[in-house]
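The values are calculated or read from the model by the stated rules, or taken from the named source; none is laboratory data. Quick caveat: nothing in here was measured; it's all calculated off a predicted structure. Every residue, glycine among them, receives a Cβ derived from its backbone with ideal geometry; neighbour counts consider all protein chains shown. Ligands, DNA and RNA are excluded from the accessible area calculation, which covers all protein heavy atoms including side chains. Shrake-Rupley method; radii C 1.70, N 1.55, O 1.52, S 1.80 Å.
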Amino acid sequence: MRAVKHTDDDPPRPLPGAPVRDGIPEHGRIPKYYAVKTQVAALLDSLGEGGPLPTERDLAVRFEVSRETVRQALRELLLEGRLRRSGRGTVVAGPKLEQPLALASYTEGVRRQGRRPGRSLIGLDRFPCPAALAPDVGVAEGEPVWHMERVLLADDERVGLESTYVAAARVPHLDTDFAPDSSFYGYLRERLGIAFGDADERLETVLATPREALLIGTPPALPMLLIHRLSRDTEGRPLERVRSLYRGDRFSFTTHLRGDG
């Protein structure tokens, strides 16, 4: 492969970690909305977190484009989490929450970033375990299981939805001994002496259902990050099945990879 020689007339090289050519196609023709998006993104740095964005009309006048072009640019910035709605206006969003892909609770991950974690209980139900769920929580079909559903909070902002299934035999007094706004992992570890050994996780992107969007307080078109987790205790016995839905505009996930050598 022949090396490419760069000259002083070439566009500036992107910063490390930035998109190659900053999103500019090789033919050099930039969609109008994308040019506006990059200009607005540069403006956000000067406004700072929580700073109010000028109106669509003001931005259209400033960049000499139609309001629909501005609207498309702002839609992408909203989906990326650079902006957020506040009342009837739009403001600069803060940095995304980084959640580790590890056997740690949501509470621990949020606290590490200086945010205040919380959960709001939607429902706690006990019912006979269906056949499809039984292997995941280590019970026979028909034995009682708990289903706990909670909205995830960060500084009182709704950022996700968590659905947990666990055998009633493992946590018989979940409805009376557990504070639903606290860490379930902390409860298992500190009150019941149950330690996590390992887990299998699957991560995918989805759109929230109308019910989920209403509970989290987002538009249904907002992309979500969905994690399915099957956890086991230190003896290898199935412990819980969890379905965690996170706002794609407010979360990113990190992990540490290690080579074989």
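Summary table below
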| quantity | calculated |
| --- | --- |
| Enumeration of residues in the stretch 47-69 that are under 26 Å from GLU157 (Cβ atoms) and over 26 Å from the mean Cα position of the chain (by Cα) | PRO54, THR55, GLU56, LEU59 |
| First in the stretch 229-249 and closer than 18 Å to ASP198 by Cβ and without any contact (Cβ under 8 Å) to a residue 40 or more places away in the chain, second anywhere and open to solvent by 10 Å² or more (accessible area, probe 1.4 Å) and part of a loop (DSSP other than H, G, I, E, B), Cβ under 7 Å, 6 or more apart | ASP233/ILE194; ASP233/ALA195; THR234/ALA195 |
| Count of the stretch 225-234 residues which are of a type in the set (S, T, N, Q) and surrounded by 13 or more Cβ atoms within 10 Å (Cβ to Cβ) | 1 |
| Which listed residue is modelled with pLDDT under 90, open to solvent by 40 Å² or more (accessible area, probe 1.4 Å) and farther than 24 Å from SER86 by Cβ, from ARG258, ARG237, ARG243 | ARG258 |
| Of residues in the stretch 188-211 being loosely packed, with under 13 Cβ neighbours inside 10 Å and of a type in the set (D, E, K, R), the one farthest from the chain's Cα centre (by Cα) | ARG191 |
| Members of the stretch 225-240 found to be touching a helix residue (DSSP H, G or I) at 6+ places or on another chain (Cβ under 8 Å) and of a type in the set (A, V, I, L, M), listed by number | LEU230, LEU239 |
| Sole exception among (1) surrounded by 15 or more Cβ atoms within 10 Å (Cβ to Cβ); (2) free of Cβ contacts under 8 Å to residues at least 60 places away in the same chain; (3) under 21 Å from LEU78 (Cβ atoms); (4) not acidic (Asp, Glu) for GLY160, by number | (2) |
| Hits in the stretch 221-241 (condition: assigned to a strand (DSSP E or B), under 26 Å from PRO95 (Cα atoms) and of a type in the set (A, V, I, L, M, F, W, C)) | MET224, LEU225, LEU226, ILE227 |
| Any hit, the stretch 89-106, residues being assigned to a loop (DSSP other than H, G, I, E, B) and in contact with a helix residue (DSSP H, G or I) (Cβ under 6 Å, 6 or more places away or on another chain) | yes |
| Scan of the stretch 212-224 for residues that are touching a helix residue (DSSP H, G or I) at 6+ places or on another chain (Cβ under 9 Å), under 19 Å from SER120 (Cβ atoms) and either modelled with pLDDT of 95 or more or open to solvent by 50 Å² or more (accessible area, probe 1.4 Å) (or both), ordered by number | none |
| Pairs where the first residue, in the stretch 172-198, is on the phi > 0 side of the Ramachandran plot and the second is among the charged types (D, E, K, R) and open to solvent by 50 Å² or more (accessible area, probe 1.4 Å), C-beta under 8 Å, 6+ apart | none |
| Among residues of the stretch 242-261, those that are part of a loop (DSSP other than H, G, I, E, B) and aliphatic (A, V, I, L, M), counted | 1 |
| Lone qualifier among VAL91, VAL145, VAL139 - being within 30 Å of ASP45 (Cα to Cα) and touching a strand residue (DSSP E or B) at 6+ places or on another chain (Cβ under 6 Å) | VAL91 |
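Condition check ((1) at pLDDT 85 or above; (2) charged (D, E, K, R); (3) surrounded by 14 or more Cβ atoms within 10 Å (Cβ to Cβ)) across all residues:
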position: PRO14; (1), (2), (3): no, no, no
position: VAL20; (1), (2), (3): no, no, no
position: VAL36; (1), (2), (3): yes, no, yes
position: LEU43; (1), (2), (3): yes, no, yes
position: GLY51; (1), (2), (3): yes, no, no
position: LEU59; (1), (2), (3): yes, no, yes
